[in-house]
Amino acid sequence: MDDERRVDLGVSLFIPYRYTEDRIFRALQDAGFDDWTLAQCRVFQRIAPDGSRLKELADQAQMTKQSAGVMVDQLERLGYVRRVPDPTDGRARLIVIERRGRRAVEVAKATLDEIYSEWKAYLGTRNFALLHQILDQLREITDPYAR
């Protein structure tokens with residue numbers, strides 16, 4: 001590709017993410033999880049396996065705590081999550097994924113596995129592994145939520 005048609009590196013990183021997000025969202029809808037929005041999914045995907053506090057979700061989704069609270073309220077009404085007492089702090093509550101949400105996670109993971117298989121077939125195993133390694137390394141200096 002010549003320099004005039006080359007896309008900015010930031011956009012090049014975003015395009016595969018957007019593709020992945022769109023494809024997973026469509027797969028969720030096709031599997032019957034068609035009662036939530038993409039914005040709700042973006043909050044939902046940030047819930048840690050052992051639960052997350054609302055402030056953590058809001059920070060990671062780059063939204064106000066109030067906006068994240070509205071999204072969690074909606075997800076709770078839809079049966080994807082519930083709030084439970086935080087065992088480490090009696091005053092706090094955790095948002096945890098409910099059974100319906102776990103079924104949605106299974107669909108999302110299966111779709112992501114398909115996407116990765118396609119990318120690996122296209123790029124080759126070596127280049128795919130190198131891409132993953134480089135992005136993991138870059139995450140060390142770009143992701144404030146890396147654990």
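When the range 1-19 is limited to residues that are not in a loop (DSSP other than H, G, I, E, B) and not aromatic (F, W, Y), the one that is farthest from V81 (Cα to Cα) turns out to be L9. Checking each residue in the range 110-122 for being more than 30 Å from E56 (Cα to Cα) and not hydrophobic (A, V, I, L, M, F, W, C) picks out S117, E118, K120, Y122.
Cβ-Cβ contacts under 8 Å between residues 6 or more apart (or on different chains), taken from a first residue in the range 123-147 that is over 30 Å from L57 (Cβ atoms) to a second residue that is surrounded by 11 or more Cβ atoms within 10 Å (Cβ to Cβ), are listed as L123/L131; F128/Y116; F128/W119; F128/K120. As an exercise: evaluate V7 against (1) out of contact with any strand residue (DSSP E or B) (no Cβ under 9 Å at 6 or more places or on another chain); (2) at pLDDT 95 or above and give the number of the one condition it does not meet. Unmet for V7, out of (1) out of contact with any strand residue (DSSP E or B) (no Cβ under 9 Å at 6 or more places or on another chain); (2) at pLDDT 95 or above: (2).
Of the residues making up the range 20-52, those that are part of a loop (DSSP other than H, G, I, E, B) and either open to solvent by less than 30 Å² (accessible area, probe 1.4 Å) or under 26 Å from Y116 (Cβ atoms) (or both) number 13.
Those helices (runs of 4 or more DSSP H) of the range 53-147 in which at least 3 residues are surrounded by fewer than 12 Cβ atoms within 10 Å (Cβ to Cβ), considering only elements entirely within it, cover 99-123, 125-142.
Residues that are β-branched (V, I, T) and either modelled with pLDDT under 95 or under 30 Å from L138 (Cα atoms) (or both) occur at least once in the range 101-109.
The values are calculated or read from the model by the stated rules, or taken from the named source; none is laboratory data. Not measured: the values here are computed from a predicted model. Glycine gets a Cβ as well: all are built from the backbone with ideal geometry, and neighbour counts include every protein chain shown. Calculation scope for accessible area: heavy atoms of the full protein, side chains included, ligands and nucleic acids excluded. Shrake-Rupley method; radii C 1.70, N 1.55, O 1.52, S 1.80 Å.
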